[in-house]
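Some notes on the structure that comes next.
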Amino acid sequence: MKANWKKRIRVACVLVPTSCLAFVSMPAFAQSEDDKTLEEIFVLGDRRAYQGAFDEFEKPSASQSLNLELLRDVGALNLDQALDLSASVSRQNNFGGLWNSFSIRGFSGDINLPSGFLVNGFDAGRGFAGPRDLAGIESVEVLKGPRAAVYGRGEPGGTINLVTKRPQFQTGGDVRLTLGSWSQARIEGDVQSVLGSSENVGFRIVGFYEDAESFRETVETKRVGFYPSVTWNISDKTKTTYELEYTQQDVPFDRGVAFTQEFGFTPRKTFTGEPGDGPVDTEVFGHQLEVQHNFSDDWSLLAGLGFRDTTFKGKMTETNFLGRQTLIVDGRTLSRFYRERDFDTDYSVVRAELAGAFNTGSLRHRLLFGVDHDRFEQNLNILRFRAGFFGSDPNFDITSLDPAAYLLLDVFNPVYGQYAQPVPGPNTDRKEELNGTGVYIQDQIDVTEKLQVRLGLRWDDFSQDLTNLRANPVSTLSTSDTRVSPQIGAVYRVNDGFSLYASYGEGFRQQTGSDFQGNQFEPNITESAEIGFKVDVQNFVDGATGMVTLTLFQVDQSNILVNDDRPEATAAGFFLFAAGEARSRGLEFDTSLETDKGTRLWLSYAYTDAEYTTSNLEQSGFGAVVEVGDPLINSPEHQLNIQASKTFEIGGKPMQLGGGLLYTGERDGFTGFNFTLPSYTTVRLFGQYEPTERLQLRVDIDNALDEVYYTNSFADVWVGVGAPRRYRLSAAYSF
């Protein structure tokens, strides 16, 4: 009840003032001399937090923008499907489908937490809100390389930023209905208009509801999202925008399939959990408020507030690990254990950024100066029931085990609900609070007409309070640290459509938890460098727009968490410490192209060599030692995504046909063990027809060749499995 009241207070604190402002502004207008014509109010160009006013050829780093048209072409409904378009991004362990987890250029963050991503510059990836739906998202930005000197956050190889749909001061909208395989039913709506005769207040409401079964037996999900926003153009120099985020999802905890060297993978349709556990319930309630004021054509201020609460609660039957796994004996009997989780998080942030341009002699400067402060609190409570070890002998007599203790399941003939739900005992009860304050400055200097140099520096002060609620008495450990993250880059513009660039930057990432002595882990440290070029496709294709980017990069990371096998640590139990090091090197080639003949092409290829550079480290916690040269988990050497489409007319009505291909190479599937996920290639096809100006009909075929493939893993018994061939029919009506 306390958490609910806190949410209501936060909603009121933002909604009430915003609504009042909208109400007051409705009758307010300026009149012309004849008292009949309304004065139109415009706000100077919108600002983007942390990014500045630079065109793509002025940025000393690689990036990709997955706009709404591209996302619609591939039929992407969630963040994972969108990020598949970038060959620089690979899927990581997604905790049974309950969150988004990815690596960029081979590196992920904490594999036991969701990957961090931004929403309009706010750190909205923190917390346990379930997988992110794309309803309400205008574009997905993959910002690769050394950007920590400004952002001060994000995953080690880059940053993902989601740009939301905001009011455009026009009246209209659309509704979209989708029906698909496995009883999928989904409806989305997007409506916007203006308030008041002066038209200086715009609102937009986006929402969705989805109910779907799965190719996995007994698995069903329900999701609902609601994303309203209001923008008030207070004057021709000042505007404010408020956005609300609410998503509730009921998602079964699904660890995927298991693998043994002798028997291979278990059937992809068999759900290895227990339907009787019910779904995991996740909920997010978030708010963003931004104010932009333009002092002049050259100087502006962007300030913002953000609040976000998430909850995550459910019961879960999971596949057992080494020494407790009966599947190795007969290839069909799976041993499991049971957990109950109750998580909640609170996140708040405040930020302000001043941007401007000025000259010193012959040099032109474009400056960003900002400050931000955030607070993140998470409460983790886990109860567990797990039977003991019996060894890893494939000749072990399964009949000697108590089936109810090991929750045995026949993967070829599953019978669910055979055993009473276990009574779990205490496992984890922890509260953690992270606070951070950052100050950053970035100056991009036009040294000559062709040469630009970027200098950036960020200072961070952060602290951690970690409370062990299982201890008797309850104990709290407080630690703090400061870090400086520099960045330097250069861009040489050969001409308006061709630039060369290079950059170097350092960054860090706070790590949650503590070592065996209760000390906070040292931050994860990253050093990143890249060189490349960007070319406007108009330089070599007439009547086309788009860009070609080629990049060479290297990322070095230290203080990776590994198992602490020092005697004093093992005597205290199972603990981690920050001692691992790794390196990622590679090449990226990205192309986007659209012609005036109706052809669209997207191509993204990455070669990534990501490996450990330290040895004799026990990273998995299962006795396997990591050696120099061992690959990073779920990081393919080769990854390729191609999407192409053509628009033409049939009977004077627009028609679009297209398709795409995703190739993902072999990846390590279990750190320190001889388990490799096989490469795979999937093909997608779509057709779209517009019988009227307002009606759009579409068919999608995903995995058209019905490839059997595996997307990610944490270990050989927790392997994410891809869906078989799937059909979707949708209809969209605009008004």
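All of the numbers you see were taken from the coordinates with simple rules; none came from a lab. Note that the structure is a prediction, hence the values are computed from the model and not measured. Glycine also receives a Cβ, built like all others from the backbone with ideal geometry; neighbour counts cover every protein chain displayed.
A few remarks follow.
- Dividing the mean sequence gap of close Cα pairs (under 8 Å, 6+ apart) by how many residues the range 577-735 holds gives a relative contact order of 15 percent.
- Alpha-carbon centroids, the range 265-310 and the range 519-546: separation in whole Å: 25
- The range 241-340 has equivalent-ellipsoid semi-axes of 48, 17, 10 Å, by the square roots of 5 times the alpha carbon gyration tensor eigenvalues, sorted largest first.
- Here the Karplus curve 6.51 cos²θ - 1.76 cosθ + 1.60, taken at θ = phi - 60°, turns the phi angles of the range 416-422 into couplings of 8, x, 6, 10, 5, 4, x Hz, with x standing for Gly and Pro.
- Ordering of 682-689, 699-706 by burial proxy (mean other Cβ atoms within 10 Å per residue, highest first): 682-689, 699-706
- Where GluC sites (Glu not before Pro) in DSSP loops with at most 11 other Cβ within 10 Å are excluded, longest remaining stretch of the chain: 450-692
- The local environment of residue 314, defined by Cβ-Cβ distances under 10 Å, has a net charge of -1 under the rule Lys, Arg +1 and Asp, Glu -1.
- For the range 215-272, the square roots of the Cα gyration tensor eigenvalues, ordered a ≥ b ≥ c, give a/c of at least 1.5 with a/b greater than b/c, which places it in the prolate category.
- Approximate spin-label separation residue 179-residue 354, in nm, with each point projected 7 Å along Cα-to-Cβ: 6.0
- Seen from a random direction on average, the alpha-carbon convex hull of the range 361-503 projects onto 18.5 square nanometres.
- Full-extension gain in nm, residue 708 to residue 362, via 0.36 nm per residue minus C-alpha separation: 118.5 nm
- Under conditions of 10 °C and 1.306 mPa s, the range 301-392 yields 86 µm² s⁻¹ as its translational diffusion coefficient, taking Rh as the Kirkwood radius over Cα pairs in the Stokes-Einstein equation.
- Helix 2-25 axis versus longest C-alpha principal axis of the chain: approximately 10°, rounded to the nearest ten.
- Residues with amide H under 5 Å from that of residue 719, placed H, sequence gap 5 or more: 257
- Amide N of the range 348-390 lying under 20 Å from the label point, which is placed 7 angstrom from the Cα of residue 297 along Cα→Cβ: 355-368
- Pairs of Cα atoms nearer than 8 Å and 6+ residues apart set the relative contact order; for the chain it is 11 percent.
- Computed FRET value (nearest 0.05) for residue 482 with residue 638, which takes r as the C-beta separation and R₀ as 30 Å: 0.15
- Mean-position separation - Cα centroids, the range 183-250 and the range 67-145, in angstrom: 18
- Relative contact order [Cα under 8 Å, 6+ residues apart], the range 646-735, whole percent: 24
- Our estimate of slack between residue 263 and residue 332, defined as 0.36 nm per intervening residue step minus the Cα-Cα distance, is 24.0 nm.
- Where only alpha carbons of the range 285-329 are counted, the Rg and the Dmax (Å): 25.2, 74
- Taken along the Cα-to-beta-carbon direction at a fixed 7 Å, the label points for residue 56 and residue 502 span 2.4 nm.
- Cross-link table 165/239; 222/315; 222/313; 144/597; 165/597, entries beyond 20 Å C-alpha to C-alpha: 144/597; 165/597
- Modelled this way, with points 7 Å down the Cα-to-C-beta line, the labels at residue 673 and residue 494 are 4.9 nm from one another.
- Peptides 403-414, 304-315 ranked from most to least packed, by the mean per-residue count of other Cβ atoms within 10 Å: 304-315, 403-414.
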